[in-house]
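Structure first, then comments.
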Amino acid sequence: MRQILHRMLNHESLTRQETHDILVGITKSEFPMEQVTALLTGLQMRGITVDELLGLRDGILETGVPVPLDCERYIDVVGTGGDQKNTFNISTCSCFVIAGAGYKVAKHGNYAATSVSGASNIIEVHGVKFTDDLDRLNRSINECGVVYLHAQLFAKAMKFVGPIRRALAFPTCFNLLGPIVNPSQPKCQLLGVANLDQMRLYNNVYQKLGMDYGIVNSIDGYDEISLTGDFKVTTNQFERIFRPSDLGMTQADPANLVGGRTAQDAKKIFDSVLQNEALPDQKNVVVANAAFAIKVLDPQKELDECLDIARESIDSGKALATFKKYVEINR
C-alpha cells in the first residue's frame, strides 16, 4: 500500500487487478485504516479511472454473496443518488411498471443516503422482509417478475469501509460502485446519473462489461428522467437529448416530484402512481423511466411503443397487481 500511495502522489493510474487486490486486502484487514483513507482521498481528488472502478467492482462481487437467478434476461433500474432533489421513488416504482408489462427486473438498492426514502425504505415500509435466500429470490422473480436485492445483505466488503466513508466529509469512489455491483450481475441496466462526467464514466464501464445499457441525466441535475426540462440518454444504440414534448408529455413541475418529509409521504406517492391516482407529472416520470428501460431490454421496439407499453401497465392495473403479488411473496 505504501508503494500504491507513492504512485498516487505521482498521479499514476492503477490497474484493474491492483484495485481488485486492494479491495480484497481491505476485507482481510491487511491495511491500516489511515492508508485506506489516504487512498480514497487520493482517488477522489484525482478522479477514478474506468479500470480502477472495475477492479473495485470485481473485488466487491468476489467477496460478496452471489445471486445466480434462473432467468436469462432482466434489467436493473437504478440511480447514483446524491442529486439532492429528494424525489419520490421513481426508479423503484418504474420497476413494477416494467414487470407489469411482462419483463423481468432484479432491482438492487439500499436505504436512503441523501433523500427521505431510498429503494430499501420504500420496499420495507410495505412490510417486505429482505432476504439473501436464493430459493426465495428466484421464486420472486419467477412468480411476479421482480426481485429486490437489499445491498447490505450481499456486498460484504462495504462494511469494512463504512466507518471511513462516514468520517469523510465528501463522497468517495464507493459512491460510484452501487449501480454496478448488483450481485445477480444483470446483462441490462438503466442508470440515472447526476452529471455528464458520470455519464461518460459509466458509458465506458458498460462498454467494457459488454452490457445492454441506458444512461440518463436530466440537464438540470436529476439522476433520472425528471421531465423538468431537457434530458440526455446514452445507450448502446444512440445518444440523444430529448425534450418532454418528444415523449408527448408536458414539462413537469419539480414540486410535484418531491418525495415529502417522511417515508410515509413517499409511500403515499408511490402507491398512488401504481393505483393510477397520482398527479400527471408523477405518473409521467415513472412512465418515461420505465419506457427507456423497456427500450434497453427490447431495443428493436420504437420509443413510442415502449411508452405505450409502460402506460398500459399502469392503466390496466397490471403494475399494481405485480406489486401486490411481490409484497405477498416477500412478507
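No value in this document is a laboratory result; all are computed from the given coordinates. In this text the structure is predicted, and so the values were computed from the model without any measurement. Note that each Cβ is placed from the backbone with ideal geometry, even for glycine, and that neighbours are counted across all protein chains shown.
Using every pair of separate Cα atoms, the Kirkwood estimate puts the hydrodynamic radius of the chain at 20.1 angstrom.
Overall shape of region 209-273 was characterised from the C-alpha gyration tensor. The equivalent ellipsoid obtained from it has semi-axes of 26, 16, 10 Å, in decreasing order.
For K156, the lysines whose Cα comes closer than 16 Å to its Cα, not counting residues fewer than 8 places off in the same chain, are K28. What the Cβ-Cβ distance of D271 and S13 gives, at R0 = 51 Å and to the nearest 0.05, is a FRET efficiency of 0.60. Calculated [222 nm] ellipticity per residue, helices only, for the chain: -15000 deg cm²/dmol; basis is -39500 (n - 2.57) per DSSP H run with n ≥ 4, divided by all residues, nearest 500. Starting from a Cα-only point model with no solvent, please compute log10 I(q)/I(0) by Debye for region 225-325 at q = 0.15, 0.23 1/Å. After summing over all Cα pairs, the log10 values are -0.64, -1.28.
Semi-axes of the equivalent ellipsoid for region 273-331, computed as √(5λ) from the eigenvalues of its C-alpha gyration tensor and ordered from largest down, come to 21, 15, 9 Å. Legend: P(r) of region 141-239 from all alpha carbon pair distances, 5 Å bins from 0, whole percents, reading 2, 11, 19, 18, 20, 17, 9, 3, 0. Under 25 Å of direct C-alpha separation, and excluding same-chain neighbours fewer than eight residues apart, K267 reaches these lysines: K85, K104, K107, K129, K283, K318, K324, K325.
Remark: the T250-E312 segment gains 20.5 nm on full extension, using 0.36 nm per residue and subtracting the alpha carbon distance. Peptides 232-239, 291-298, 89-96 ranked from most to least packed, by the mean per-residue count of other Cβ atoms within 10 Å: 89-96, 291-298, 232-239.
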